[in-house]
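Down below is the structure, laid out as structure tokens.
Derivation of every value follows stated rules applied to the coordinates shown; laboratory data play no part. Every value quoted in this text rests on a predicted model; they were computed, and no experiment measured them. Positions of Cβ are backbone-derived with ideal geometry, glycine not excepted, and every protein chain shown enters the neighbour counts.
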Amino acid sequence: QVQLVESGGGLVRAGGSLTLSCVASGDAFRWSLVGWFRQAPGKEREFVAAGGVSTAITYYADSVKGRFTLTKDSAKNTVHLEMSNLKPEDTAVYYCATARGYSYTRNAADFSSWGQGTQVTISS
């Protein structure tokens, strides 16, 4: 089981930027699909971005495409979610997660390891 720890959340104004980090333990991480999900109060957890840790494959939810960038450093077992032009609707708890045996999925149920989450709040 991969252990994941997120960091980098905070409070920023609309239009600002923030970078989230996810550090993983275990060698299995580099062979995993890593994803970011978010959950706002009263809403279901939704897919944000994902990609193979050791591949060039990266894909995004339409709501964040062009504003968020997923970067991966397999040598450091770390991924980052670079977020720019943030909007109040981006406010949520953001989770890092990994899935084994998948090269592409947006389904949270396919991800077996999850971090504790980090709060992102965007003020208008």
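For the chain, give the magnitude of the charge dipole about the Cα centre (Cβ charges: +1 Lys/Arg, -1 Asp/Glu; no others), in debye to the nearest 20.
Taking the Cα centre of the chain as origin, the dipole is about 100 debye.
For a bin width of 5 Å, list the pair-distance distribution of the range 13-65 built from all Cα-Cα distances, rounded to whole %.
Whole-percent P(r) values from 0 Å outward: 4, 15, 20, 25, 19, 10, 5, 1.
Find, among the GluC sites (Glu not before Pro) in the range 29-84, those assigned to loop by DSSP (not H, G, I, E, B) with at most 15 other beta-carbon atoms within 10 angstrom.
Passing both the DSSP loop test and the Cβ count: Glu44.
Kindly give Rg over Rh for the chain, based on alpha-carbon atoms, with the Kirkwood expression for the hydrodynamic radius.
0.94
Relative contact order for the chain: what percent, with Cα pairs under 8 Å and sequence separation of 6 or more?
Normalised by residue count, the contact order of the chain is 36 percent.
Could you give the distance between the Cα centres of the range 8-49 and the range 52-98, to the whole Å?
Their Cα centres are 6 Å away from one another.
Would you list which aspartates and glutamates come within 20 Å of Lys87, measuring only between C-alpha atoms, while excluding same-chain residues fewer than 8 positions from it?
Glu44, Glu46, Asp62
Name the aspartates and glutamates eligible as straight-distance cross-link partners of Lys72: C-alpha to C-alpha under 15 Å, and not fewer than 8 places from it in the same chain.
In chain and number order, the partners are Glu6, Asp27, Glu82.
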